[in-house]
1. Taking the alpha-carbon distance from B:K71 and a cut-off under 22 Å, which lysines remain once sequence neighbours fewer than 8 residues away in the same chain are dropped?
2. Once you charge only the Cβ atoms, +1 for Lys and Arg and -1 for Asp and Glu, what is the size of the charge dipole of the protein assembly as shown about its Cα centre, to the nearest 20 debye?
3. Magnitude of the Cβ-charge dipole of the range A:2-136, K/R +1 and D/E -1, about the Cα centre, nearest 20 debye?
4. What is the average number of partner chain Cβ atoms found within 10 Å of a Cβ in B:446-455?
5. Ranked highest first by average number of other Cβ atoms within 10 Å, how do B:139-147, B:1020-1028 line up?
6. Diagonalise the Cα gyration tensor of chain B and give the resulting equivalent ellipsoid semi-axes, square root of 5 times each eigenvalue, largest first, whole Å.
7. Looking at A:V38, A:N88, A:I110, which one has the Cα that reaches farthest to the positive end of the dipole of chain A (charges on Cβ: Lys, Arg +1; Asp, Glu -1)?
8. If r is the Cβ-Cβ distance from B:H467 to B:S220 and R0 is 45 Å, what FRET efficiency results, to the nearest 0.05?
Amino acid sequence: MAVCVAIVGKDNSPKYFCCLNPDEELSFQYKVLSSLDVIEEKLNAGNKGTNDLRELYLGMLYSLETHKIYGYVTNTKIKFVIVVDSTNMALRDNEIRSMFRKLHSEYADIVCNPFYIPGESICSKSFDVSVKNIMTGTV
Amino acid sequence: MQSYIQNTSDLPPELCAKPLALVGVSGLDTLNNAVHKSIWETFSNNRRADRSPVFFKLISNAHEFPVIKPKRNSYDWYIPKGILKRNWMNKHLYEIPAVIVIFYDLDWNDSLWNEKMIECASRVQSLRAALEGRNTRIAVVLIQNTLPLPPGEDVLASDRAVSLCASCELNASSLFVLPHGDHLQGYAVRLESAFYEFAQSYYHNEIKTIRSHKEHLNKSSHQYLFVRHQFKMGFLYELKQDVHTAHKHYTHAYNYLLEIRVVDTNALEIRTVAGFINYKLCKLMFALNLPRDAISQFKAHIDRFKNRMGFHELSFEHYAWLSKQFSVFGDIFDEAVKLGLPAVQTQHPGIYYQQAAQYAILRKKSCQELCSNIIALPQPHPLEGANSMEFYGQRPWRPGKLSAEPPDPQLESNGIQAIQYLEKQFAHSNAIVSLYGLAISQYKTYRCPRTRRHLVLQMAEEYYNSHDFGKALTLLTHMLWDFRAENWWLLLTDILEKAIRCAYLTASVQDYVLLSLEILGKYSKLSVEQKKRIHENLQRILKRQIPFGDQKLTPDVLQHAVIQWQPKLQTEPIHLSLDLGNVSTCIETKATFMQAKYEVDQNVTVEVYIKCSSPLPLTFTKVSVTINTPSYNCEYAVDNQNLSSNSLEFGSDETKRFVIDFVPDSNDVNSEIQIGAINLVMGNASETNLDLKFSPQNGPNRVCPELLHFKYSPHKLNFDNISPRTATLIIPRHSKLEIGLEYAIPALLGEWFAIKIAINNEELHDIKDMRVEVALSKDETISLTEFSTNSSGVPEKLPLVVKLPPTLRQGEKCSGCFYLRAHKVVENHIEVKISYTLDREKPVVSIKTETIIVPVVKPFEISTKFQSSLMEEIGQFYVGEEVGVMCSVRCLSPWPLIIENTSFEFTSPCKSTENSIVSHLANTRLEDKEVGVELFLAVCEKSSDSNVTVGQYMVKWRRENGLSTTSQLTIIGHTCHWIPLELKMSVPAHGFVRTPLLIDYHLHNRSRQLLQLDVAMEGSEAFMYAGYKQFSVSVLPESVKSIQYNLYPLIAGSVALPKLVLTLPENSGEVPGLRQEQLKSLVERCLPTHLYVMPQVKGAPQLPGLVKPRRLAKIK
């Protein structure tokens, strides 16, 4: 079960933010923002090497005392970040990976919506519901 | 006493010092003796890395070394009172030398050798006595003035050395000689490496001694000693510079330490010593280039001790220790990085400094929690003597207690109270801020700008907590920009909220206004109540009233702030100028020019859109735009009279549009003018006047601005869809003048080509100051083309001013003409520019330009051929022989040309042979591709090896109804030779069958020599003839010989004449300039070969006067 999910645009501005506990949103935003440093660095390093272009999952970005932060970047440089509680041992790399994939497909759906303007922050009830489901693992 | 807490978590300096072998130096009088002083400085100064790792210490004669403890034979009844003794490291680093060097001035040949030798020996003995029991090595260095001889040669020296060693009871290898001369540095380096070897063997022996203790120890009662001995061995190995073995022993020490059972009484001591050993371990592992091991050791160390809190009352002490562990590890890491260790973004010293800062915050919190009630130190002071304790990490009120017996509760609580009291005095915020500072600089190095910003915010928060609001405000406002750039509005709101509180508390009017405008904007996520409060405060500032503070602030802080606000608002009207160029405030502005181009006599129109996203109404007093032109900047305001009174009041989410008109300056023609800024004024000049300056394009970065018009907008004016045009071009006004240009292209090379200009004033006004200029728009043809305003053909300079009347009434016409002459076949781009002023109230300069392209072609082509008198083309002239010059003029012009006249001027040595030269082409009309030909007869009078210049051929021509032009061409002929013989033949123009006719050959000798020739006449079937068939002829110098034949034609038609053959006689001498082949060619070019013979005439023919001889010179 993830505690926070964030979608960050290619200009590094937040497009969507969701926390299980809304009171903690501010501190999670700071954490996610800091993890962007690692994502940026990985992306820059990736340009030089011959990384597999199809591998969008970046792995763990930060391991803090209380939380672990994972990252995923689409080919259009949209960044997905998932924050997991450090004590949660049930989630392994594979589970995180599949969460990201589900999130990606949900995001693709929202972008396909003709009423959504690319670059604006996402504001959709159904998206909220599906993201919550992904976070709690009920999908 | 203040430093007690520091001491429990700080590392002592002797632990952090780099261990160096200690070498004592005795016998040097550095104060009075210059030689000794220079020797001491050579040894002790400039200790660079390449020199031996030793530390020199001056030891006076009266020095007392630490007393050696009595040897213990059995450890059976020995109970250690602590783990590490406080004085031990210091003792071995600075007090007990591994080697003592005694310097003594003694030359081998000293006159008082024996006396001095005895004195030296006594010094050695006294030192040895002082070191009683220690294994310190003693060495003697003799300072000598004379340079030593090579070993083995100086018998006296070796003898005396042996005796000196004997009397000092020294090993011969411990005696050194230091010649005090030129190469002191070199000698010193060699000596100190010898001392370093002694020191290594000394430490080796010491380690052996400690190792031998191990067998006496047992695990039950001597656990402390296991740790202590291993630590000591590690330290001594470090002194010996054996890092590997030192690391091994420290590891053992750390492991032994972990085996000790932790109870309340020894928790602090074990934690302290663990910190020491961990420090040494990590430092050595970095030195051994094992950074991963160092990090994992540190992590394991922290994990192990993190939860061993100890007394709850002293939890801050635990956090202080943790914080220190992290910051020290950060230091070690950073040091290793500086020595070349590569660090990465996810593993660098900054992470540890950040953790240290977080533990420092925890320390502060637990201090605030636990120590707030403590107001005084208990008496008697329980921490007395804390710095002179025997062991590291023990409580001063119960030193050396090992037994687990319960301590005296009263004493214990007094001690805790004292520590709490001291903790309360500690400046936590400074420590936290400085740790953040270290972390921030590291994160910057490792490219983590966002993490760094987060740390800066945390630092700002710490400043805020320590009531340093000014610094907090500075940090917060510096961070705003970055969060704004990446649209993290929630975080931005968080910062804004903190910053405006700081701005309030520091009574910074400018920051307060700026921040409140931003908070009122749509991007800040504050609740409407809070926005309402900020809005109210802003209105209060506009009225010069003190704003209300936040309810959450404590009363004393509030009161302090109010005191600061008072002087700022009450003295003078406030005038603030705020640049909101890259701030996303509640006011958004856009300004756009209505057109991309404006003619200079048009009014420029600027549309200004203002959108106010504040939830509460805002009122402005003035709206204006600043226009930047190349020459000046000026401001144009919205005309207040045209606005209804409430038009500058903006409700929530209201967008308004304003139009500003102005007349551009005529100086700005052809330049771009820009909207520099949009200015809004709030408040009035008597109270608070806010001048808000917006850049013409602001607002947050949009990913896809082109998609914004899909966005639903309930308002009529869709602010987001307006894409501003912030620059416009001022262009000259469009001229209504009509220009007619009349010309017949192509122009012909060399002619004066006329171009007629007709100007028709179709403007609505009279015009004046009209000036018509002609110029070439491409510079490359400028030297090849001439211009003139009249047909007289005097070239004038460019730009050519065409003479036309300067004023032209409305509807009036005028016309003029100008001429150009091209000297090369090029295309001329001619620009005709008419500038004038409209004669009206506000005169406007107008310009009209026309460009015409005039191609140039050649009018005709002249070719020349040269012919002999037989009308055959020749490639060679001969002196005195007549030549026909045939000039042909081939017309190339599309227009018919009239050749007015032609003439040929011969130049010496050529001259005409005609009496008068008549032009045959005069008044001929040539159409395109037609050719006119004429012939001139000439003779060349001088021989020449190069081609002779025949003369100038001039053609005077014009177009039909054009101006006449003279073209001139120099005609070049062939080379000219001289031969002595000239041959001519007189023959009638034609003959008749069976009617005799006379032919006459004239041989003219031009030379001054006799010319002998053989003449033969070949037979011909067409003629019978009478005359010499073959004979020899002599022609006298400069005379003519004539040979005559009578011919009797037999057949009619163009018949070949009998051939005359001239040969040079074989036996005659060489005739200069005459050879056989020349004779042959002479005959061929001078003698006609055929003759027309008519059929027989009826009646009596007239002979030979029937036909006049053609142009033949009279023959004598």
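1. Within the straight-line limit of under 22 Å, B:K71 reaches these lysines: B:K81, B:K85, B:K91, B:K208, B:K214, B:K219, B:K232.
2. Details: 133 positive and 134 negative charges, 377 e Å.
In total the dipole reaches around 1820 debye.
3. Details: 15 positive and 17 negative charges, 78 e Å.
That gives the range A:2-136 a dipole magnitude of about 380 debye.
4. On the way: counts 2, 5, 7, 4, 11, 9, 2, 4, 6, 1.
Across B:446-455, the average partner-chain Cβ count within 10 Å equals 5.
5. Working: B:139-147: 18.7, B:1020-1028: 15.8.
Ranked from most to least packed, the peptides come out as B:139-147, B:1020-1028.
6. On the way: eigenvalues 2840, 765, 110 Å².
The answer is 119, 62, 23 Å, longest axis first.
7. Value: A:I110.
8. Values: r = 55 Å, r/R0 = 1.23.
That pair, B:H467 with B:S220, gives E of 0.25.
The values are calculated or read from the model by the stated rules, or taken from the named source; none is laboratory data. Since this is a predicted model, take the numbers as computed values, not measurements. Every residue, glycine among them, receives a Cβ derived from its backbone with ideal geometry; neighbour counts consider all protein chains shown. Ligands, DNA and RNA are excluded from the accessible area calculation, which covers all protein heavy atoms including side chains. Shrake-Rupley method; radii C 1.70, N 1.55, O 1.52, S 1.80 Å.
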